[in-house]
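Since the structure comes first, as C-alpha cells, the remarks are kept for the end.
The values are calculated or read from the model by the stated rules, or taken from the named source; none is laboratory data. No experiment lies behind these values; they were computed from the predicted model shown. Positions of Cβ are generated from backbone atoms using ideal geometry, with glycine treated the same way; all protein chains shown enter the neighbour counts.
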Amino acid sequence: MRKNITIGIMIIVCFALQNVLFRSITFGGIGPNLMVVLTSSFGFMCGKKNGMIIGFLSGLLMDIFFGSVLGLYALIYMYIGYANGTFHKIFYPQDIKLPLILIAGSDLTLNLITYCLLFLLRGRFHFLFYISNIILPEIVYTIGVTILLYPGILLINKSFEQAEKRSDQKFV
Amino acid sequence: MSPMIKRKRDKFTLPSKYLLLILTFLCVILMGITFTTDYLGGSLGTISGYVVVPFQRGVSSVGGWLSNRSEELAQLRDVLQENEELKKQVDELSIQITELQQEKYELNSLRELYELDSQYADYEKTGARIIGRDSGNWFHSFLIDKGSDDGLEVNMNVIAGNGLVGIVTYTGPNWSRVTSIINDNSNVSGMILATSDNLIVSGNLELMKSGVISFSQLVDSASQVAPGDKIVTSQISDRYLPGILIGYISEIQTDSNNLTKSGKVTPAVDFEHLEEVLVIKKLKQQTGDAS
C-alpha cells in the first residue's frame, strides 16, 4: 500500500517537474523526458506489471492535460513499461549500462512512434530534420538527466525491496 | 506452516499479459470515444486537475524563483556595464521626453477627437499565469491556472502583449489547456491588414526552429503584399475574434500554381518567454449573435 502511494506521488511530482522545471531549463527548446525515465526504470526494477501500470498512469496524465486523443500516450507508455519489464531478470543495480541503454531505447521508440502517428501521417516527411533536431537532442538530454537521477532511483528501489523483505519476515 | 502465508500465496492475481490486453482495449476504446465524439475526459480532467494542479503551482513558483535568480546572477555583470552607458543615455533622453510629452498631449487630444480607443479594449479580458508546458518536445501547448470556475470556456482566444497566442482547447475547473498558434497542427484564418486579403497561418515545428511559422493560400493578384506587412485574424474565422495581431510577413513567394502565394510569418509574441497571458472572455459565436 505504501509502495502504491509512493509511486502515485512520484508520478505526479515527475509530471509537475517535467512540465515546469525542465521546461524552463531547455537547450534550444528541447527538454528531457522524465516520464520515460520513470516508466522505464520502474519497468526493469519492479517487473512487467508495475512498469505497465506506471506507464499507463503517466501516459494517461499526459493525455488528460496535453493530448489531443485520450489514451494514445497511455497506450504507448504502457507498452514501453511492459517491454522494459521483460528485462527485469537481467537487471543488476550495480550495472548502469543496461538502464541507460533501455531508457535511450525507450525514448527513441516513443519519439519514433509519436513522429509516425502525429507528424508523418499529416505529411511532414522531413524525417532527418526531426531526428536530428528533436529526437536525438531529447535522448541525449534524457540520458544526462538519468545519470544524475540514477542514484536516487536506486535508493527508492532499495527501500521497496527492504520493505518487501520486512513484510515477508513478519509473516514467517 | 502458518495459514497466513498460504492465504497470501493463494490470493488471486491477474497475469500481466491479460492486464496488458485489458488496458490496451481500454485505451483503444478511449481513443475511439475521443475520435467519434467531443468527449475529452470531463470527469477525469476534473479529478486530476484537483490532484495535479497544486503540485504544478508549487513547482512553478519554485522553478520561476530559481530561474529568476540564476538569470539575475548571469546578468549582473552585463547590467553593471549597461548601467554606465544608460546613465549617459538618460541625460539625452530626458531632453527628448519633454519634446515627446508635448507631442503626446497633442496625440491624446487627436485620439479623443477620432474616438479611437486602444486596439482590443472593448473585449473583457482576464489575466492567467502559465503553470506548465507540454511535456513532449513535439507540440507547443501549455496549461494556465484558470478554468471553468473563473468563467473560461473552450475556444476563447488567448493573447499576450499585443499578439495572438492561441486558443483554449480544454477547461478543467481550475486549469485550462491553451494550444498555441505555433503548434504544428493549428491553423488560423488570417488577413493582411493593409489589403484585406485572406490567408491561412499554420504552425510548423520545422520552421519554428528559426522563429517563424508558415502561411499559405494568399490570393494577391495585384502583388501588393510585401514582407513586413501585418497579419491579423480575419472576419471569416469561426473561432478567432477579428483584428487580433498574429505577426508580420517575413518571406513571400508565389506557389507553383501561380494563383496563390505562401511564405513565412514572424509571430508577434515571444513564445519562448511567455509567463502570463490574457484570455479574452468573449467567444466568436457570441459576437455574431449579438450583432
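So that you can scan it fast, the table gives a plain yes or no per residue for (1) more than 7 Å from chain B (Cβ to nearest Cβ); (2) over 26 Å from B:Val28 (Cβ atoms); (3) crowded, with 22+ Cβ neighbours inside 10 Å:
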position: A:Leu21; (1), (2), (3): no, yes, no
position: A:Phe27; (1), (2), (3): yes, yes, no
position: A:Ile30; (1), (2), (3): no, yes, no
position: A:Leu34; (1), (2), (3): yes, yes, yes
position: A:Val37; (1), (2), (3): yes, yes, yes
position: A:Ser41; (1), (2), (3): yes, yes, yes
position: A:Met45; (1), (2), (3): yes, yes, yes
position: A:Ser58; (1), (2), (3): yes, no, yes
position: A:Asp63; (1), (2), (3): yes, no, yes
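If A:Ala16 meets every condition in (1) assigned to a helix (DSSP H, G or I); (2) more than 8 Å from chain B (Cβ to nearest Cβ) apart from one, which number is that one?
Of the numbered conditions (1) assigned to a helix (DSSP H, G or I); (2) more than 8 Å from chain B (Cβ to nearest Cβ), the odd one out for A:Ala16 is (2).
Quick check: anything in the range A:93-105 assigned to a helix (DSSP H, G or I), at the interface with chain B (Cβ under 9 Å from one of its Cβ atoms) and not aromatic (Phe, Trp, Tyr)? Steps first, answer last, please.
Our first condition is that a residue be assigned to a helix (DSSP H, G or I); within the range A:93-105, this holds for A:97-105.
Within this subset, residues satisfying the condition of being at the interface with chain B (Cβ under 9 Å from one of its Cβ atoms) are none.
No: zero hits.
Given the criteria at negative phi, buried (at least 21 other Cβ atoms within 10 Å of the Cβ) and not β-branched (Val, Ile, Thr), does B:Gly163 qualify?
no
Could you check, for the range B:80-92, whether at least one of its residues is at pLDDT below 80, part of a helix (DSSP H, G or I) and among the hydrophobic types (A, V, I, L, M, F, W, C)?
No - not one qualifying residue is present in the range B:80-92.
For B:Leu20, only one of the following conditions fails: (1) at pLDDT below 80; (2) buried (at least 19 other Cβ atoms within 10 Å of the Cβ). What is its number?
With (1) at pLDDT below 80; (2) buried (at least 19 other Cβ atoms within 10 Å of the Cβ) applied to B:Leu20, the lone miss is (1).
Within the range A:74-90, identify whether any single residue is small (Gly, Ala, Ser), under 18 Å from B:Ile33 (Cβ atoms), at the interface with another protein chain (Cβ under 8 Å from one of its Cβ atoms) and surrounded by fewer than 24 Cβ atoms within 10 Å (Cβ to Cβ), and answer yes or no. Don't jump to the end; show me each part of the working.
Start the filter on the range A:74-90 by keeping residues that are small (Gly, Ala, Ser), which leaves A:74, A:81, A:83, A:85.
Imposing the further condition that a residue be under 18 Å from B:Ile33 (Cβ atoms) reduces the set to A:74.
When the remaining residues are screened for being at the interface with another protein chain (Cβ under 8 Å from one of its Cβ atoms), the result is A:74.
The next check asks that each one be surrounded by fewer than 24 Cβ atoms within 10 Å (Cβ to Cβ); those that pass are none.
No: the range A:74-90 contains no residue that is small (Gly, Ala, Ser), under 18 Å from B:Ile33 (Cβ atoms), at the interface with another protein chain (Cβ under 8 Å from one of its Cβ atoms) and surrounded by fewer than 24 Cβ atoms within 10 Å (Cβ to Cβ).
Given the conditions (1) closer than 22 Å to A:Ile143 by Cα; (2) more than 9 Å from every other protein chain (Cβ to nearest Cβ); (3) modelled with pLDDT under 90, which single one is not true for A:Lys3?
(1)
Check whether at least one residue in the range B:244-252 is outside any loop (DSSP other than H, G, I, E, B), within 13 Å of chain A (Cβ to nearest Cβ), under 18 Å from the mean Cα position of the chain (by Cα) and buried (at least 17 other Cβ atoms within 10 Å of the Cβ), and report yes or no.
No: the range B:244-252 contains no residue that is outside any loop (DSSP other than H, G, I, E, B), within 13 Å of chain A (Cβ to nearest Cβ), under 18 Å from the mean Cα position of the chain (by Cα) and buried (at least 17 other Cβ atoms within 10 Å of the Cβ).
Table: residues versus (1) under 17 Å from B:Ile244 (Cα atoms); (2) surrounded by fewer than 24 Cβ atoms within 10 Å (Cβ to Cβ).
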| site | (1), (2) |
| --- | --- |
| B:Glu124 | yes, yes |
| B:Arg129 | no, yes |
| B:Trp138 | no, yes |
| B:Lys146 | no, yes |
| B:Gly151 | no, yes |
| B:Asn157 | yes, no |
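Against the conditions (1) of a type in the set (A, V, I, L, M); (2) surrounded by fewer than 16 Cβ atoms within 10 Å (Cβ to Cβ); (3) within 19 Å of B:Ile167 (Cα to Cα), where does B:Leu259 fall short? Just the number, please.
(3)
Kindly indicate which of B:Ile236, B:Ile200, B:Ile244 is hydrophobic (A, V, I, L, M, F, W, C) and modelled with pLDDT of 90 or more.
B:Ile200
Taking the options B:Ser196, B:Ser214, B:Ser221, B:Ser189, name whichever one is crowded, with 16+ Cβ neighbours inside 10 Å, free of Cβ contacts under 8 Å to residues at least 60 places away in the same chain and farther than 30 Å from A:Leu110 by Cβ.
Sole residue among the options that is crowded, with 16+ Cβ neighbours inside 10 Å, free of Cβ contacts under 8 Å to residues at least 60 places away in the same chain and farther than 30 Å from A:Leu110 by Cβ: B:Ser189.
Are any of the residues in the range B:39-57 at pLDDT below 75, at the interface with another protein chain (Cβ under 10 Å from one of its Cβ atoms), surrounded by 12 or more Cβ atoms within 10 Å (Cβ to Cβ) and at positive phi?
Yes - at least one qualifying residue is present in the range B:39-57.
Residues to consider are A:Thr109, A:Thr146; find the one that is crowded, with 18+ Cβ neighbours inside 10 Å and either part of a loop (DSSP other than H, G, I, E, B) or within 15 Å of the chain's Cα centre (by Cα) (or both).
On the way: A:Thr109 fails: crowded, with 18+ Cβ neighbours inside 10 Å.
Among A:Thr109, A:Thr146, only A:Thr146 is crowded, with 18+ Cβ neighbours inside 10 Å and either part of a loop (DSSP other than H, G, I, E, B) or within 15 Å of the chain's Cα centre (by Cα) (or both).
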